[in-house]
1. Quick check for me: using +1 on Lys/Arg Cβ and -1 on Asp/Glu Cβ, what's the dipole size of the chain about its Cα centre, in debye to the nearest 20?
2. Points 7 angstrom from Cα along the Cβ direction at Ala141 and Ala20: gap in nanometres?
3. Label segment 65-108 by shape, choosing from rounded, prolate and oblate, from the square roots a ≥ b ≥ c of the eigenvalues of the Cα gyration tensor; if a/c is under 1.5 it is rounded, and otherwise prolate applies when a/b is larger than b/c, oblate when it is not.
4. Write down the accessible area per residue of segment 13-125 in Å², having rolled a 1.4 Å probe over the full set of protein chains.
5. Could you tell me the accessible area of Ser50 in Å² (1.4 Å probe, neighbours in place), rounded to the nearest ten?
6. If I compute solvent accessible area with a 1.4 Å probe over the protein chains, what percent of it on segment 1-90 is carbon and sulfur?
7. Calculate the length of the line joining the C-alpha centroid of segment 135-172 to that of segment 1-54, in whole Å.
8. What net charge is computed for the residues neighbouring Ala6, neighbours being all others with C-beta under 14 Å from the C-beta of Ala6, Lys and Arg scored +1, Asp and Glu -1?
Amino acid sequence: MPELVAPHPRFHRSFLESHAEWAGATQDGAGIDDEDDVITPAGFERYTTSLVAAEKSPRRPGRVTDTYRWVVEGDEYLGAVSFRHELTDYLLNFAGHVGYGIRPSARGRGLATWALARTADLARRRRYPRILVVCHDRNAASARVIEKNGGVLEDIRRDGDQALRRYWIDLG
(Lines give C-alpha, C1' and ligand atoms only; values in the text may rest on other atoms or scores of the structure.)
Protein backbone atom coordinates (compact mmCIF):
# COMPACT_ATOMS: atom_id res chain seq x y z
CA MET A 1 0.00 0.00 0.00
CA PRO A 2 1.34 3.44 -0.83
CA GLU A 3 1.77 6.11 1.81
CA LEU A 4 2.21 9.87 1.68
CA VAL A 5 5.14 10.80 3.92
CA ALA A 6 7.26 13.85 4.59
CA PRO A 7 10.51 13.90 2.60
CA HIS A 8 13.29 12.09 4.46
CA PRO A 9 16.94 11.20 3.77
CA ARG A 10 16.21 7.47 4.18
CA PHE A 11 14.76 7.46 0.66
CA HIS A 12 18.00 8.69 -0.94
CA ARG A 13 18.90 5.50 -2.83
CA SER A 14 15.41 5.04 -4.23
CA PHE A 15 15.08 8.76 -5.01
CA LEU A 16 18.30 8.58 -7.08
CA GLU A 17 16.91 5.59 -9.01
CA SER A 18 13.76 7.60 -9.71
CA HIS A 19 15.81 10.68 -10.62
CA ALA A 20 17.63 8.61 -13.26
CA GLU A 21 14.30 7.42 -14.71
CA TRP A 22 13.22 11.03 -15.28
CA ALA A 23 16.32 11.47 -17.51
CA GLY A 24 16.57 15.20 -16.92
CA ALA A 25 12.85 15.99 -17.17
CA THR A 26 11.24 18.11 -14.48
CA GLN A 27 9.98 16.01 -11.56
CA ASP A 28 6.72 17.83 -10.84
CA GLY A 29 5.90 17.97 -7.15
CA ALA A 30 9.46 17.18 -6.03
CA GLY A 31 10.51 20.81 -5.54
CA ILE A 32 13.96 20.32 -7.08
CA ASP A 33 15.68 23.61 -7.88
CA ASP A 34 18.83 23.94 -9.97
CA GLU A 35 20.91 24.69 -6.87
CA ASP A 36 19.68 21.60 -4.97
CA ASP A 37 22.22 18.80 -4.53
CA VAL A 38 20.17 15.61 -4.52
CA ILE A 39 23.15 13.40 -5.43
CA THR A 40 25.39 13.45 -2.36
CA PRO A 41 24.05 12.19 0.98
CA ALA A 42 24.78 15.53 2.71
CA GLY A 43 23.18 17.52 -0.11
CA PHE A 44 20.14 15.24 -0.13
CA GLU A 45 19.72 15.70 3.61
CA ARG A 46 19.80 19.50 3.16
CA TYR A 47 17.28 19.19 0.33
CA THR A 48 14.82 17.06 2.34
CA THR A 49 15.20 19.33 5.38
CA SER A 50 14.39 22.36 3.23
CA LEU A 51 11.29 20.65 1.80
CA VAL A 52 9.95 19.91 5.28
CA ALA A 53 10.73 23.48 6.43
CA ALA A 54 8.87 24.91 3.40
CA GLU A 55 5.60 24.20 5.21
CA LYS A 56 6.39 27.14 7.53
CA SER A 57 8.70 29.30 5.40
CA PRO A 58 9.18 29.51 1.61
CA ARG A 59 12.29 27.73 0.29
CA ARG A 60 13.38 30.68 -1.85
CA PRO A 61 12.54 34.40 -2.10
CA GLY A 62 9.42 34.96 -4.17
CA ARG A 63 8.03 31.49 -3.39
CA VAL A 64 5.11 30.52 -1.16
CA THR A 65 4.86 28.08 1.73
CA ASP A 66 4.39 24.56 0.47
CA THR A 67 3.62 21.14 1.93
CA TYR A 68 5.71 18.46 0.21
CA ARG A 69 4.81 14.79 0.52
CA TRP A 70 6.35 11.76 -1.10
CA VAL A 71 4.50 8.73 -2.40
CA VAL A 72 6.33 5.68 -1.04
CA GLU A 73 5.90 1.96 -0.51
CA GLY A 74 8.22 0.75 2.21
CA ASP A 75 11.59 2.28 1.37
CA GLU A 76 10.73 2.83 -2.30
CA TYR A 77 10.21 6.40 -3.50
CA LEU A 78 7.45 6.43 -6.14
CA GLY A 79 6.72 10.11 -6.61
CA ALA A 80 5.96 13.44 -5.04
CA VAL A 81 3.15 15.89 -4.53
CA SER A 82 3.31 19.49 -3.40
CA PHE A 83 0.51 21.63 -2.01
CA ARG A 84 1.18 25.36 -2.34
CA HIS A 85 -0.59 27.25 0.43
CA GLU A 86 -1.19 30.47 -1.53
CA LEU A 87 -1.57 31.50 -5.13
CA THR A 88 0.63 34.25 -6.54
CA ASP A 89 -0.44 35.72 -9.88
CA TYR A 90 1.84 33.23 -11.66
CA LEU A 91 0.52 30.24 -9.68
CA LEU A 92 -3.08 31.37 -10.26
CA ASN A 93 -2.54 31.53 -13.99
CA PHE A 94 -0.07 28.73 -14.72
CA ALA A 95 0.68 26.30 -11.86
CA GLY A 96 -2.09 26.09 -9.25
CA HIS A 97 -2.06 24.82 -5.69
CA VAL A 98 -0.93 21.28 -6.47
CA GLY A 99 1.92 19.75 -8.42
CA TYR A 100 2.59 16.02 -8.64
CA GLY A 101 4.74 13.54 -10.46
CA ILE A 102 5.05 9.74 -10.39
CA ARG A 103 8.29 8.08 -11.45
CA PRO A 104 7.99 6.48 -14.89
CA SER A 105 8.33 2.88 -13.64
CA ALA A 106 5.42 3.37 -11.19
CA ARG A 107 2.92 4.93 -13.57
CA GLY A 108 -0.34 3.27 -14.55
CA ARG A 109 -1.12 2.11 -10.99
CA GLY A 110 -3.44 4.97 -9.99
CA LEU A 111 -0.83 6.53 -7.70
CA ALA A 112 -1.26 10.08 -9.02
CA THR A 113 -5.05 9.85 -8.62
CA TRP A 114 -4.58 8.53 -5.08
CA ALA A 115 -1.98 11.18 -4.17
CA LEU A 116 -4.12 14.04 -5.51
CA ALA A 117 -7.11 12.74 -3.51
CA ARG A 118 -5.00 12.66 -0.32
CA THR A 119 -3.75 16.18 -1.06
CA ALA A 120 -7.34 17.38 -1.56
CA ASP A 121 -8.12 15.84 1.86
CA LEU A 122 -5.24 17.85 3.35
CA ALA A 123 -6.57 21.07 1.79
CA ARG A 124 -10.08 20.25 3.01
CA ARG A 125 -8.80 19.77 6.59
CA ARG A 126 -7.14 23.19 6.27
CA ARG A 127 -10.52 24.62 5.22
CA TYR A 128 -9.70 25.51 1.62
CA PRO A 129 -13.02 25.78 -0.26
CA ARG A 130 -11.40 24.68 -3.54
CA ILE A 131 -7.99 24.05 -5.07
CA LEU A 132 -6.55 24.80 -8.47
CA VAL A 133 -4.70 22.06 -10.36
CA VAL A 134 -3.00 22.73 -13.70
CA CYS A 135 -1.60 20.35 -16.31
CA HIS A 136 -0.22 20.62 -19.82
CA ASP A 137 -2.93 20.47 -22.45
CA ARG A 138 -1.17 17.52 -24.13
CA ASN A 139 -0.99 15.50 -20.88
CA ALA A 140 -4.17 13.43 -21.18
CA ALA A 141 -3.15 11.15 -18.28
CA SER A 142 -2.81 14.09 -15.89
CA ALA A 143 -6.10 15.58 -17.09
CA ARG A 144 -7.79 12.23 -16.27
CA VAL A 145 -6.19 12.23 -12.79
CA ILE A 146 -7.59 15.69 -12.10
CA GLU A 147 -11.02 14.88 -13.54
CA LYS A 148 -11.23 11.65 -11.47
CA ASN A 149 -10.74 13.88 -8.42
CA GLY A 150 -13.63 16.14 -9.39
CA GLY A 151 -11.65 18.72 -11.36
CA VAL A 152 -13.76 21.03 -13.50
CA LEU A 153 -11.97 22.65 -16.42
CA GLU A 154 -12.11 26.44 -16.18
CA ASP A 155 -10.00 27.28 -19.21
CA ILE A 156 -6.80 26.71 -21.15
CA ARG A 157 -4.14 29.41 -20.88
CA ARG A 158 -0.87 29.94 -22.66
CA ASP A 159 2.45 30.37 -20.90
CA GLY A 160 4.79 31.10 -23.78
CA ASP A 161 4.49 28.13 -26.14
CA GLN A 162 2.80 25.92 -23.51
CA ALA A 163 -0.97 25.44 -23.38
CA LEU A 164 -2.10 24.73 -19.80
CA ARG A 165 -5.41 23.28 -18.62
CA ARG A 166 -6.68 24.92 -15.40
CA TYR A 167 -9.01 22.85 -13.22
CA TRP A 168 -10.76 23.71 -9.97
CA ILE A 169 -11.62 20.97 -7.47
CA ASP A 170 -14.44 21.95 -5.09
CA LEU A 171 -13.71 20.72 -1.58
CA GLY A 172 -17.12 21.55 -0.07
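The values are calculated or read from the model by the stated rules, or taken from the named source; none is laboratory data. Bear in mind the structure is a predicted one, so any value in this text is a computation, not a measurement. Positions of Cβ are generated from backbone atoms using ideal geometry, with glycine treated the same way; all protein chains shown enter the neighbour counts. The area values use the complete protein model at the heavy-atom level, side chains included, leaving out ligands, DNA and RNA. Shrake-Rupley method; radii C 1.70, N 1.55, O 1.52, S 1.80 Å.
1. Rounded to the nearest 20 debye, it is 600 debye.
2. Roughly 2.0 nm, to one decimal.
3. oblate
4. 47 Å²
5. Looks like 30 Å² after rounding.
6. The computed percentage sits at 53.
7. Using only Cα atoms, the two centres lie 25 Å from each other.
8. 0
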